[in-house]
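First comes the structure, then the notes that go with it.
The values are calculated or read from the model by the stated rules, or taken from the named source; none is laboratory data. Remember, it's a predicted structure, so these values are computed and weren't measured experimentally. All Cβ positions, glycine included, derive from the backbone under ideal geometry; neighbour counts span all protein chains shown.
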Amino acid sequence: MKFEVKDMSCGGCARAITRAVTGIDPAARLDVDIAAKIVKIDSVMPPQRLAAAIEAAGFHPMVNSPSAD
Ligand SMILES: [Cu+2]
């Protein structure tokens, strides 16, 4: 699952997002690219749950689909 998080701007944001996601799925693996504003998540949780957790941390994730630009 890949999200674009445009309002993520620093390591603090990345940590907050990581905490939010591992809060709902402790086994989740994240790959955060702050410069590209992309968060890749390997998790058993459905995408909408992951997005909701990121939103609850104060960010605005968008599903990054390769077919939409
Ligand atoms: Cu930040």
Flag if PRO47 is touching a strand residue (DSSP E or B) at 6+ places or on another chain (Cβ under 7 Å) and more than 13 Å from the ligand (Cβ to nearest atom): yes
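Results for (1) within 16 Å of the ligand (Cβ to nearest atom); (2) at pLDDT 95 or above, shown as yes or no for each residue.
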| position | (1), (2) |
| --- | --- |
| GLU4 | yes, yes |
| CYS10 | yes, yes |
| ILE24 | no, yes |
| ALA27 | no, yes |
| ASP33 | yes, yes |
| HIS60 | yes, yes |
| ALA68 | no, no |
